[in-house]
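Undergrad: Handing you a structure now.
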Amino acid sequence: KNKVGAALIYPMVMMVVGVIVVAVLMTFVVPRVTQLIKGRGQDLPLPTKVLIASSEFLVSYWLLVLIGILLLSIGFNLFLNSDKGGLAWDRFKLRLPVFGILFKKVALSRFARTFSTLVKSGVPILGAMEIVSDTAGNLVISRIVDGARDSVRNGESLSDPFSKSTVFPPMVVKMMAIGERSGALDALLEKIAEFYEEEVDVAVAGLLTVLEPLLIAFLGVVVGGIVISMYMPLFDLISKLSSH
């Protein structure tokens, strides 16, 4: 999970810089150009009208916008800290296109690594599963582990409860079953952890390769769209003067 967070620092910094640039354009640059445009009394293209209206709203109600963002952030954090909200959010993350697969691999690698370390250290299976549930980092995984722990306590094999889950791939369940029967559960869990850690590294590298140029293109389109919308009336004015 830390690897994913560290890898996404650069795209996040790019997005923050992009938001700051757009905010500066909308609150300082656009109003000055707006004064020049409105002073000529010409008809404005629709993109320019939308840009001017958005700029005037931000300049007039920037405090309300900040308060709204702050309240949304607080509300979202309260939602995440609730049991139902946290579970819904973790389930949503696992279902996301592209990113969902990455989150799932991170969760599985963390599950297998923690479980392997505890079993290797001699912690009883039920105690190890309780710790794994508390440190899973994903409430969906935690609920599955809790259910599996109850099943194991009632005499079922370790792998059976996990086989009923759509989150744990058949390969992981089979390796857990083999490890349970052979007494090498810790070794096979470690193999699972190593496999998914490598998968996460490859997925993060591929994601960044695609994400960085897409972010640059997106920011270029947004900033370029603002600049073009600002100067469209000036271009029209220049073309009219040159035609005369």
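The values are calculated or read from the model by the stated rules, or taken from the named source; none is laboratory data. Predicted, not measured: the structure shown is a model, and the values here were computed from it. Positions of Cβ are backbone-derived with ideal geometry, glycine not excepted, and every protein chain shown enters the neighbour counts. When the accessible area is computed, the model is the full protein with side chains, heavy atoms only, and any ligands, DNA or RNA have been set aside. Shrake-Rupley method; radii C 1.70, N 1.55, O 1.52, S 1.80 Å.
Undergrad: Return the pair list, or none, for Cβ contacts closer than 9 Å from residues in the range 90-102 that are on the phi < 0 side of the Ramachandran plot to residues that are aromatic (Phe, Trp, Tyr) and loosely packed, with under 14 Cβ neighbours inside 10 Å, at least 6 apart or on different chains.
TA: 100/92
Undergrad: Here is a follow-up. Out of 52, 74, 67, report the one residue that is under 17 Å from residue 225 (Cα atoms) and either assigned to a helix (DSSP H, G or I) or at pLDDT below 90 (or both).
TA: 52
Undergrad: If you go through the range 7-25 one residue at a time, how many are among the aromatic types (Phe, Trp, Tyr) and open to solvent by less than 70 Å² (accessible area, probe 1.4 Å)?
TA: Going through the range 7-25 one residue at a time, the tally reaches 0.
Undergrad: Looking only at the range 99-134, filter to residues that are open to solvent by less than 60 Å² (accessible area, probe 1.4 Å) and among the polar types (S, T, N, Q); which one of those is nearest to the chain's Cα centre (by Cα)?
TA: So the residue we want is 109.
Undergrad: Sticking with this one: Which of the residues that make up the range 179-193 are farther than 12 Å from residue 105 by Cβ and open to solvent by less than 70 Å² (accessible area, probe 1.4 Å)? Don't jump to the end; show me each part of the working.
TA: Here is the first cut: in the range 179-193, the ones farther than 12 Å from residue 105 by Cβ are 179-191.
If the condition is that a residue be farther than 12 Å from residue 105 by Cβ and open to solvent by less than 70 Å² (accessible area, probe 1.4 Å), then 179, 183, 184, 185, 186, 187, 188, 189, 190 are the ones that fit.
Undergrad: Here are 220, 147, 224, 137: which of them is closer than 24 Å to residue 100 by Cα, open to solvent by less than 70 Å² (accessible area, probe 1.4 Å) and assigned to a helix (DSSP H, G or I)?
TA: 147
Undergrad: Is it fair to say residue 22 is in contact with a helix residue (DSSP H, G or I) (Cβ under 8 Å, 6 or more places away or on another chain), assigned to a helix (DSSP H, G or I), at pLDDT 90 or above and closer than 28 Å to residue 214 by Cβ?
TA: Here the answer is yes, as residue 22 does meet what is asked.
Undergrad: Please go through the range 64-90 and pick out each residue that is closer than 26 Å to residue 211 by Cα and open to solvent by 90 Å² or more (accessible area, probe 1.4 Å).
TA: Residue satisfying the conditions is 69 alone.
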